[in-house]
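Visitor: Let me begin by handing over the structure; questions about it come next.
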Amino acid sequence: MLKVAILGGSGYTGSELLRLLLSHPQAKITAVTSERLAGSHVSDVFLNIRGTGLVYEPLKPENLIKKADLFFLCLPHKTSQEAASFFYNSGKKVIDLSADYRLKSAAVYEKWYETPHKFKSLLKKAVYGLPEIYRSEIENASLIANPGCYPTGAILGLAPIIGTNLAEIDSIIIDSKSGVSGAGRNPALPFMFSEANESVKAYAIASHRHTPEIEQELSLMSKKKLNIIFTPHIMPMDRGILSTIYVRLGNSASLSTIQNMYRNFYKSAPFVRVLKNGIYPITKAVKGSNYCDISVFLDKRQSNHNTLIIVTAIDNLLKGASGQAVQNMNIMHGFEETAGLASLSPSP
């Protein structure tokens, strides 16, 4: 059994990792940390997780180092920097769910996250953990930068088309709507029930920190520097992200051709479902699962171009965070990629 530790196990991503890993056939949780809840039983904090005997402990790397072989970091950005460096340099494998190692440029990270990056050389060794794009690199990695939730839905939606001669990459618009769990478990006024219920709110327009992450990956795929327009919204639901993506097509192509392109691109991806013609992705269909549903549509009404409309749906806490982290663990250690992740969404 692979011994794993969860650092920062009292938030939403930590709780989902606990839930997934407790039923994983080849992994055993040997430590879980929380500064605020140190000494508390996990089962007293999350009532759905019973009978584990796990107790939260403080984040003291020197005490944790011998307890696990793989460390999941569910820590705030900046805090993850040092923890990742310590465990990586101690010969352990690390999957970091923060943003600290996603951006290849320290200068870009420091601009968007407004904090210095103390481990610039380690940025070059981190592998961006999007399995559908970087599976072979993940297999041999020791440090995984788990992608953000918004970037996961956006990049998976665009990957099959972005590297072709069909897309005009200077025309990309991404409109995403997320459940309130995307903001984390700490209380904040905009996410209180009376504030978020019966309301939809755009936020961080032209300034969301996931923007450079999306641009980095799409630029690598297209081999051209590009900028996108990205607008996130908060929806009155617990979890899920629906992204509607618009990209102008420079060359004419039929909808069936593009659909086949998407199906071929993801034919070996167990967690991406390209839906049938005319079927719309919905967040309820992926809630509680590690799937990303994708549909493509073509608007031919413009006189000088066609517009491809791509719709993706993911669970922000699973394919957008903890589920993807477990998927990366499976690939890193040669387990079945779907191990511990094969469950479907409940209905309704």
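The values are calculated or read from the model by the stated rules, or taken from the named source; none is laboratory data. Worth saying up front: this structure is predicted, and the values here are computed from it rather than measured. A quick note on method: Cβ atoms are made from the backbone with ideal geometry, for glycine too, and the neighbour counts reach across all protein chains shown.
Visitor: Report whether or not Gln324 is within 24 Å of Asn140 (Cα to Cα) and out of contact with any Leu (no Cβ under 6 Å at 6 or more places or on another chain). Full working, then the answer.
Guide: On the way: within 24 Å of Asn140 (Cα to Cα): yes; out of contact with any Leu (no Cβ under 6 Å at 6 or more places or on another chain): yes.
For Gln324, the condition - within 24 Å of Asn140 (Cα to Cα) and out of contact with any Leu (no Cβ under 6 Å at 6 or more places or on another chain) - is met.
Visitor: Could you please let me know if Arg239 is under 20 Å from Thr312 (Cα atoms), over 18 Å from the mean Cα position of the chain (by Cα) and of a type in the set (Lys, Arg)?
Guide: Values: under 20 Å from Thr312 (Cα atoms): yes; over 18 Å from the mean Cα position of the chain (by Cα): no; of a type in the set (Lys, Arg): yes.
No; evaluated as a whole, the condition is false for this residue.
Visitor: Scan the range 60-69 and give yes if some residue there is at pLDDT 95 or above, of a type outside the set (Lys, Arg) and under 22 Å from the mean Cα position of the chain (by Cα), otherwise no.
Guide: no
Visitor: Please verify whether the range 80-90 includes one or more residues that are under 22 Å from the mean Cα position of the chain (by Cα), outside the structural domain of Gly179 (by TED's automatic domain parsing) and among the charged types (D, E, K, R).
Guide: yes
Visitor: I've got another one for you. If you go through the range 31-48 one residue at a time, how many are touching a helix residue (DSSP H, G or I) at 6+ places or on another chain (Cβ under 9 Å) and surrounded by fewer than 20 Cβ atoms within 10 Å (Cβ to Cβ)? Before you say what the answer is, go through the steps one by one.
Guide: Narrowing the range 31-48 to residues touching a helix residue (DSSP H, G or I) at 6+ places or on another chain (Cβ under 9 Å): 31-34, 37, 42, 45-46, 48.
Adding the requirement that they be surrounded by fewer than 20 Cβ atoms within 10 Å (Cβ to Cβ) leaves 37, 45-46, 48.
Matching residues across the range 31-48 total 4.
Visitor: Go through (1) within 19 Å of the chain's Cα centre (by Cα); (2) surrounded by fewer than 23 Cβ atoms within 10 Å (Cβ to Cβ); (3) among the hydrophobic types (A, V, I, L, M, F, W, C); (4) modelled with pLDDT of 95 or more one by one and return the number of the condition Leu317 breaks.
Guide: Single failed check for Leu317: (2).
Visitor: Then there's this: For residues that are part of a helix (DSSP H, G or I) and of a type in the set (Lys, Arg), scanning just the range 119-164, find the one that is farthest from Ser176 (Cα to Cα).
Guide: Start the filter on the range 119-164 by keeping residues that are part of a helix (DSSP H, G or I), which leaves 120-123, 131-139, 149-162.
Remaining after also requiring of a type in the set (Lys, Arg): 120, 135.
Numbers: Lys120: 31, Arg135: 26 Å.
Filtering the range 119-164 for residues that are part of a helix (DSSP H, G or I) and of a type in the set (Lys, Arg), the one farthest from Ser176 (Cα to Cα) comes out as Lys120.
Visitor: Anything in the range 74-115 that is at pLDDT 95 or above, within 17 Å of Glu35 (Cβ to Cβ) and not in a helix (DSSP H, G or I)? List them, or say none.
Guide: If the condition is that a residue be at pLDDT 95 or above, within 17 Å of Glu35 (Cβ to Cβ) and not in a helix (DSSP H, G or I), then Cys74, Leu75, Leu97, Ser98 are the ones that fit.
Visitor: Out of (1) of a type in the set (A, V, I, L, M, F, W, C); (2) free of Cβ contacts under 8 Å to residues at least 12 places away in the same chain; (3) surrounded by 13 or more Cβ atoms within 10 Å (Cβ to Cβ), the odd one out for Ala188 is which?
Guide: (3)
Visitor: Those residues that are more than 29 Å from Asn328 (Cβ to Cβ) and of a type in the set (A, V, I, L, M, F, W, C), I need them from the range 259-302; list them, please.
Guide: Of everything in the range 259-302, those that are more than 29 Å from Asn328 (Cβ to Cβ) and of a type in the set (A, V, I, L, M, F, W, C) turn out to be Phe297, Leu298.
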